[in-house]
Every structure is written in structure tokens, then in C-alpha cells.
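S.K.: Mind having a look at this structure? Questions to follow.
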């Protein structure tokens, strides 16, 4: 069953974008394939730029579209097709995608700006019996 983790950003040391980059870096080091589902094309473009510059000493291979015959380690898009064998979904979208249960793990971020949406997502998963974890950062 898919495990759902909520990461609540409570300290000013973290921004949502920097945390997303750290989570992607950690997943890549653990050889997990990631779908980073964003809220819009602008959001996708911003995170695309950040993933190139987030870690000075490392490289996070990512793309906005899947290439024929190649499974990109980190796929980021706001309209992503969930094809391919991916273990982790980082959902930054206001909606819960219908295909979320095909992932081993889903991460949802909780910020001051999206608390109402995050509560709604939490209730959705809880009502369906998914194992939930909450992390305060």
C-alpha cells in the first residue's frame, strides 16, 4: 500500500522549493525514480532551473518530458503522464492525481500558503486507509 508523508515547513530555514530539491536529491541517491507533479508550467520551469543549480557538487538528471526509450530519473511536469516504473510522487499540485496509488510513496508539502489544501489531502488519504506520516521541519 502506498505510504503518504506530509512534510510541514515550520521554520524559515526551509522553503518549499529548496525542500523539493533536497527530496529529489535524496531520492536520486537512493536510486528512486521520481515524478514531481507541479501546479503549473511556471512552477515546472522554476523547479527545472533550481534542480540544475540546487547542489553545486552534484547533478540531478531530470526533464519535463519523458524521452522515447529512456526513463528520466526525475520527471517534473504539471500534466505528467505516470507511465514508467516510478517509486516516488512528490505532489505539489492542488489536486490528488487519480494514479497516486501506483507509487510506493507520496510526499505532500504543507506550507502556510496551502494548509487548507493539505488538510483536505490528508483527510482524503486517511478516509481511504492509507498509512500517513507527518514530519515537522
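We did not get these values from a lab; they are worked out from the coordinates using the rules stated. The structure presented is a predicted model; accordingly, all values stated were derived computationally and were not measured. All Cβ positions, even for glycine, are placed from backbone atoms using ideal geometry, and neighbour counts span all protein chains on display.
S.K.: Looking only at the stretch 109-118, count every residue that is crowded, with 16+ Cβ neighbours inside 10 Å, free of Cβ contacts under 8 Å to residues at least 60 places away in the same chain and assigned to a loop (DSSP other than H, G, I, E, B) and tell me the total. Write out each step before concluding.
M.R.: Residues of the stretch 109-118 that are crowded, with 16+ Cβ neighbours inside 10 Å, as a first pass: 109-111, 114, 117-118.
Right, trim to free of Cβ contacts under 8 Å to residues at least 60 places away in the same chain and you get 114, 117.
Still in the list and also assigned to a loop (DSSP other than H, G, I, E, B): 114.
So the count comes out to 1.
Each row is one residue, and each column tells you yes or no for (1) in contact with a helix residue (DSSP H, G or I) (Cβ under 8 Å, 6 or more places away or on another chain); (2) assigned to a loop (DSSP other than H, G, I, E, B).
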position	(1), (2)
79	no, yes
83	no, yes
90	yes, no
94	yes, yes
97	no, yes
107	yes, no
120	no, no
124	no, no
135	no, no
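S.K.: Now a separate question. May I ask you to list the residues in the stretch 61-77 that are in a strand (DSSP E or B) and surrounded by 11 or more Cβ atoms within 10 Å (Cβ to Cβ)?
M.R.: Looking only at the stretch 61-77, we keep the residues that are in a strand (DSSP E or B), and these are 62-63, 67, 70, 74-77.
Scanning the stretch 61-77 gives 62, 63, 74, 75, 76, 77.
S.K.: A further question follows. Please name all residue pairs, on different chains or six or more residues apart, with Cβ atoms under 6 Å, provided the first residue is in the stretch 72-100 and is free of Cβ contacts under 8 Å to residues at least 12 places away in the same chain and the second residue is exposed (fewer than 14 other Cβ atoms within 10 Å of the Cβ).
M.R.: Between residues of the stretch 72-100 that are free of Cβ contacts under 8 Å to residues at least 12 places away in the same chain and residues that are exposed (fewer than 14 other Cβ atoms within 10 Å of the Cβ), there is no close pair.
S.K.: Shifting gears a bit: From the list 95, 102, pick out the single residue that is more than 14 Å from residue 5 (Cα to Cα) and loosely packed, with under 13 Cβ neighbours inside 10 Å. Spell out the reasoning first.
M.R.: Numbers: 102 fails: loosely packed, with under 13 Cβ neighbours inside 10 Å.
95 is the lone residue from the list that is more than 14 Å from residue 5 (Cα to Cα) and loosely packed, with under 13 Cβ neighbours inside 10 Å.
S.K.: Next question. Go through (1) out of contact with any strand residue (DSSP E or B) (no Cβ under 7 Å at 6 or more places or on another chain); (2) closer than 17 Å to residue 109 by Cβ; (3) not in a loop (DSSP other than H, G, I, E, B) for residue 47 and report which single condition fails.
M.R.: (1)
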